[in-house]
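The values are calculated or read from the model by the stated rules, or taken from the named source; none is laboratory data. Note that this is a predicted model, so its numbers are computed, not measured. Note that we place each Cβ from the backbone using ideal geometry, even for glycine, and neighbour counts take in every protein chain shown.
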Amino acid sequence: MTTLTPSFNVFKQLKLPMWIAPKTQDAVTFDRTYIVIAVLMYMIGLVMVASSSMPVAEKLFNNPFHFVIRHVIYIGLSVIIAAVFLTMPMHKWKEYSGNFLLAAIALLVLVLLVGRTVNGSTRWLVLGPITVQAAEPAKLFFFCYLASYLVRRRTEVMEHVKGFYKPLIVFGVLAFLLLNQPDLGTVVVMFVTTIGLLFLAGAKLWQFLAVSAVGISAIVALAVFTPYRWRRITSFLDPWADPFGSGYQLTQSLMAYGRGEVFGQGLGNSIQKLEYLPEAHTDFVMAILAEEFGFIGISIVLFLSMILVLKALLLGREALNREKYFEGFFAYGIGIWMSFQTAVNIGASAGIVPTKGLTMPLISYGGSSMIIMTIAVVVLIRIDHELRLQSLQATKKGGQT
């Protein structure tokens, strides 16, 4: 049996109430809490997209429900596609992980060749009436590949430097393609998740610290030597220095947070959504939620996100306990990814971190993000289901004996 690493033992000692982390020995064959959380976040997202997008939709398309209708379609597509992936056993994810990685690279190359350019960024593939943001499936596919790699090369990761750096080379290829779009936000999310998974897999602390230092230095260099990124950094540090220029979006977002106070102005009563705050229904939907529902509204969304992330991490712990290493690392990767992307999205709208253009999982408007995040939740449900079946089978065998 493989020895557990100290970082894994931290999660092993963590205990939460039964309603958050129900025992896998229960007769129920999957954890309904994932569905409840996802549906609640869908509903909150639909309400906020409707509230925040109507003014701009009326202006651009002469139809206030334009984005609402599309968001409902995205949710429907997400459920249908996720239902298909729910039937896919986890050993198939592991078996096809290499193919998923190649698909991720192919999508990122294709978007650079024939993708649509919006506001100086080439991130979208146009497939008839549908646009696909290539970076979204690339994240999920890369984390699937990384989980598979950590199973195949775990001893090498723990004992040899080359085992630690090999996945970073793959990450470097993806990062290069993403930076050419450019999409630094996705690179940062993938980097943090990669380092987190390598650390949980047992990589030595000095390797973790060294790569973290190099990665942070590279991100700083990319910001300093790229004019538009440097403007974002400086405007984030002091948006009020140029409130009608580089700091405009953030100052409008901060006004939304300020107006929301504790209980908010009430649904539909946001002023910032009246074409003052750009991207109000996408990257900055949480600012409108804060304005209309205040601190209470933001706290509810954060609570739901926290429960989903905690369940993913605890599921990873349970899988590793049962020596289901691929499932465990995949669940850990999804948990780290969701937590960091949530933190960056809310942090950017609240002026805590620079704007990165990352969506709020399961809430923001955006088909690609909605579909991929739903698939990620379905993967967690599938892992939980297989662990429960394993427990039921073990119980039946014990009873027969």
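Quick look at the numbers
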{"quantity": "Search result, residues across the range 145-186 that are touching a residue at least 24 places away in the same chain (Cβ under 8 Å) and under 18 Å from T226 (Cβ atoms)", "calculated": "L177, L178, L179, N180, Q181, P182, D183, L184, G185, T186"}
{"quantity": "Lone qualifier among F61, F100 - being without any contact (Cβ under 8 Å) to a residue 60 or more places away in the chain, surrounded by 14 or more Cβ atoms within 10 Å (Cβ to Cβ) and either touching a Leu at 6+ places or on another chain (Cβ under 7 Å) or among the hydrophobic types (A, V, I, L, M, F, W, C) (or both)", "calculated": "F100"}
{"quantity": "Test: residue in the range 102-117 that is within 18 Å of F340 (Cβ to Cβ) and in contact with a helix residue (DSSP H, G or I) (Cβ under 9 Å, 6 or more places away or on another chain)", "calculated": "no"}
{"quantity": "Selection count, the range 148-162, where residues are over 23 Å from V189 (Cβ atoms), in a helix (DSSP H, G or I) and not acidic (D, E)", "calculated": "6"}
{"quantity": "The lone exception for G202 - which of (1) out of contact with any helix residue (DSSP H, G or I) (no Cβ under 8 Å at 6 or more places or on another chain); (2) on the phi > 0 side of the Ramachandran plot; (3) not aliphatic (A, V, I, L, M) it fails", "calculated": "(1)"}
{"quantity": "Flag if A82 is buried (at least 19 other Cβ atoms within 10 Å of the Cβ), within 30 Å of F329 (Cβ to Cβ) and either in contact with an Asp or Glu (Cβ under 7 Å, 6 or more places away or on another chain) or at pLDDT below 95 (or both)", "calculated": "yes"}
{"quantity": "Selection within the range 289-331 - of a type in the set (S, T, N, Q) and surrounded by fewer than 18 Cβ atoms within 10 Å (Cβ to Cβ)", "calculated": "S299, N321"}
{"quantity": "Scope the range 63-82; condition over 19 Å from I35 (Cα atoms) and of a type in the set (V, I, T); matching residues", "calculated": "V68, I69"}
{"quantity": "Test: residue in the range 332-340 that is in contact (Cβ under 8 Å) with a residue 60 or more places away in the chain, of a type outside the set (K, R) and more than 25 Å from R123 (Cα to Cα)", "calculated": "yes"}
{"quantity": "Test: residue in the range 252-265 that is closer than 23 Å to N119 by Cα and touching a Leu at 6+ places or on another chain (Cβ under 7 Å)", "calculated": "yes"}
{"quantity": "Conditions (1) of a type in the set (S, T, N, Q); (2) touching a Leu at 6+ places or on another chain (Cβ under 7 Å); (3) within 30 Å of L174 (Cβ to Cβ); (4) modelled with pLDDT of 90 or more; number of the one not met by T87", "calculated": "(2)"}
{"quantity": "Looking only at the range 324-373, and only at residues there that are of a type outside the set (K, R), modelled with pLDDT of 90 or more and assigned to a loop (DSSP other than H, G, I, E, B), the one that is nearest to V72 (Cα to Cα)", "calculated": "Y365"}
{"quantity": "Residues that are modelled with pLDDT of 75 or more and surrounded by 15 or more Cβ atoms within 10 Å (Cβ to Cβ), drawn from the range 219-245", "calculated": "P239, P243"}
{"quantity": "Unmet criterion (only one of (1) under 16 Å from the mean Cα position of the chain (by Cα); (2) over 28 Å from S235 (Cα atoms); (3) touching a residue at least 60 places away in the same chain (Cβ under 8 Å); (4) buried (at least 24 other Cβ atoms within 10 Å of the Cβ)) for N345", "calculated": "(2)"}
{"quantity": "Residue that is modelled with the highest pLDDT [pool: residues in the range 119-138 that are part of a strand (DSSP E or B) and closer than 15 Å to L178 by Cα]", "calculated": "Q133"}
{"quantity": "Residue within the range 149-169 that is crowded, with 23+ Cβ neighbours inside 10 Å and under 12 Å from L101 (Cβ atoms) present", "calculated": "yes"}
{"quantity": "Pairs, first on the phi > 0 side of the Ramachandran plot in the range 271-288, second of a type in the set (A, V, I, L, M) and outside any loop (DSSP other than H, G, I, E, B), C-beta under 9 Å, six or more apart", "calculated": "E275/V56; E279/V285"}
{"quantity": "The range 246-257, subset among the hydroxyl-bearing types (S, T, Y) and within 24 Å of the chain's Cα centre (by Cα), residue surrounded by the fewest Cβ atoms within 10 Å (Cβ to Cβ)", "calculated": "Y257"}
{"quantity": "Positions within the range 170-207 being surrounded by 19 or more Cβ atoms within 10 Å (Cβ to Cβ) and in a loop (DSSP other than H, G, I, E, B), in sequence order", "calculated": "Q181, D183, A201, G202, A203"}
